[in-house]
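Just so it is clear, none of the values below were taken in a lab; they were calculated from the coordinates. Bear in mind the structure is a predicted one, so any value in this text is a computation, not a measurement. Glycine gets a Cβ as well: all are built from the backbone with ideal geometry, and neighbour counts include every protein chain shown.
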Amino acid sequence: MKGDKRRKNPRVRPSERHRELAAVSSMFFIISFLGWCMETVYCSGFFTRFPDRGFLTLPFCVIYGAPPCIAFLLFGTPGRGRLADAVGKRVRERAANAFWRFFFYFLLSAALATLFELVFGALFGAFGVRLWNYRRFPANYRGYICPQFSLLWGVLITSFMALAWPPVFRVVSRLPCKAAAALNLILWLAVFGDFSFNLAYLIVRGCRFRPGFLP
């Protein structure tokens, strides 16, 4: 009987997992865009000039969007998820539990962001492109990573995931599934096309593509 009911009702609601992944994808673009805005404002000397930030021509810095989204999929947030559950099983006292949840989340998010900077910095460096350079900081590794920014990444990601991610994620999760899927598909195709064009331009011309309106 149950099987018959399923066959009679072809409209099966999308699973919560699919809805969550669509929301995470949307968060990736939101954070990447906010990261691009922050980089642009900071590196422009607060609007004295317009810098070319990131590898893409579109206004996204994916180095900002990827680590928090992957951290969410792997660990959850500092308050809820695999990491919080694992700590909760071992530490019962409330204050100690909160401390260790945030401490381990900080370490893991700092390590994840540092790994991203190292991999993508070395990848672009192989093509002669420097999107950031930490050589002026002590104990840096080839200018790709440094402990100071690793710590900063850990603080920023942990703070964002604890304070901003939950309310924004709840709002994004309520978007109609079809509209969210269509929007994400368009954005992913645009980013993939943008990346492919810029990579091809870099290989053929030996330099990055710069839009004509940039100085």
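Here are the numbers:
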read-out	value
Options Arg205, Arg170, Arg210: the member that is under 20 Å from Ala71 (Cβ atoms) and exposed (fewer than 15 other Cβ atoms within 10 Å of the Cβ)	Arg170
Verdict on Gly143 being small (Gly, Ala, Ser), over 25 Å from Cys69 (Cβ atoms) and in contact (Cβ under 8 Å) with a residue 60 or more places away in the chain	no
Selected residue (criterion: surrounded by the fewest Cβ atoms within 10 Å (Cβ to Cβ)) from residues of region 50-82 that are of a type in the set (Gly, Ala, Ser) and either in contact (Cβ under 8 Å) with a residue 40 or more places away in the chain or farther than 20 Å from Phe29 by Cβ (or both)	Gly79
Candidate set from region 112-133 (those that are under 23 Å from Thr158 (Cα atoms) and in contact with a helix residue (DSSP H, G or I) (Cβ under 6 Å, 6 or more places away or on another chain)); member that is surrounded by the most Cβ atoms within 10 Å (Cβ to Cβ)	Ala113
Residue list for region 64-83, restricted to those being out of contact with any Leu (no Cβ under 8 Å at 6 or more places or on another chain) and either within 21 Å of Cys37 (Cα to Cα) or of a type in the set (D, E, K, R) (or both)	Gly65, Ala66, Pro68, Cys69, Arg80
Region 184-206 residues that are over 30 Å from Ser173 (Cβ atoms), paired with ones that are of a type in the set (A, V, I, L, M) and surrounded by 12 or more Cβ atoms within 10 Å (Cβ to Cβ) (beta carbon under 8 Å, 6 or more apart)	Asn198/Leu56; Leu202/Val129
Whichever residue in region 83-100 is closer than 20 Å to Ile70 by Cα and free of Cβ contacts under 8 Å to residues at least 12 places away in the same chain and, among such residues, is surrounded by the most Cβ atoms within 10 Å (Cβ to Cβ)	Ala86
Meets criteria (hydrophobic (A, V, I, L, M, F, W, C), surrounded by 13 or more Cβ atoms within 10 Å (Cβ to Cβ) and closer than 30 Å to Ala98 by Cα) for Ala190	no
